[in-house]
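Working notes, structure below.
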Amino acid sequence: MNILIVNGPNLNLLGTREPEIYGTVTMVEELADLSAEFINNTILYYQSNAEGDLIDRLQASDYDALVINPGAYTHYSYALADCLKNVSVPKVEVHISNIYKREEFRQKSVTAAHTDGIISGFGLNGYRLAILSLNL
């Protein structure tokens, strides 16, 4: 199975961005661990700080399942939500931090309604949990 992991804005800074919230592991390190663990899957990865670029990538048809961390777009991107509504593969929304323990504006996800599930608050392990759920 080809599993696409998509990260939104500022997630290119994982490993250095607010380590007290997001940890010190980079996404490159996490992807290596995921690829080593899920050897029967191909892990594809895309990150962008631009909303339109994320939508363009999601509209491609080269993947069988999706793990998405929309970053700040989670809370206000109706364009991304509309895109996810039309993505027909199994999909899981992931948040590294527990968005429900953070500022009020971060507690609302406009994108989650268009995914099959949401994982929030388990650090980078959330990506692993999402892939496990997609492989059931």
*Could you size up the charge dipole of the chain around its Cα centre, putting +1 on the beta carbon of Lys and Arg and -1 on that of Asp and Glu, and report it in debye to the nearest 20?*
280 debye
*Per the Debye formula with a single identical scatterer at each Cα and no solvent contribution, what log10 I(q)/I(0) holds for the chain at q = 0.11, 0.12, 0.19, 0.20 Å⁻¹?*
-0.34, -0.41, -1.11, -1.25
*Which of 48, 109, 61 moves most in a GNM of the chain, Cα contacts under 10 Å?*
61
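Grab the DSSP H runs of the chain that are 4 residues or longer, score each as -39,500 (n - 2.57), total them, divide by all residues and round the 222 nm result to the nearest 500 deg cm²/dmol. Write out the running numbers ahead of the final one.
Numbers: 5 runs with 41 residues, N = 136.
So the helix-based figure for the chain works out to -8000 deg cm²/dmol.
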*Of 54, 95, 27, which is farthest on the positive side of the dipole of the chain, counting Cα position, with +1 on Lys and Arg Cβ, -1 on Asp and Glu Cβ, and the Cα centre as origin?*
95
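Coordinate-derived values only; no laboratory data. No experiment lies behind these values; they were computed from the predicted model shown. Cβ: placed from backbone, ideal geometry, glycine included. Neighbour counts: every protein chain shown.
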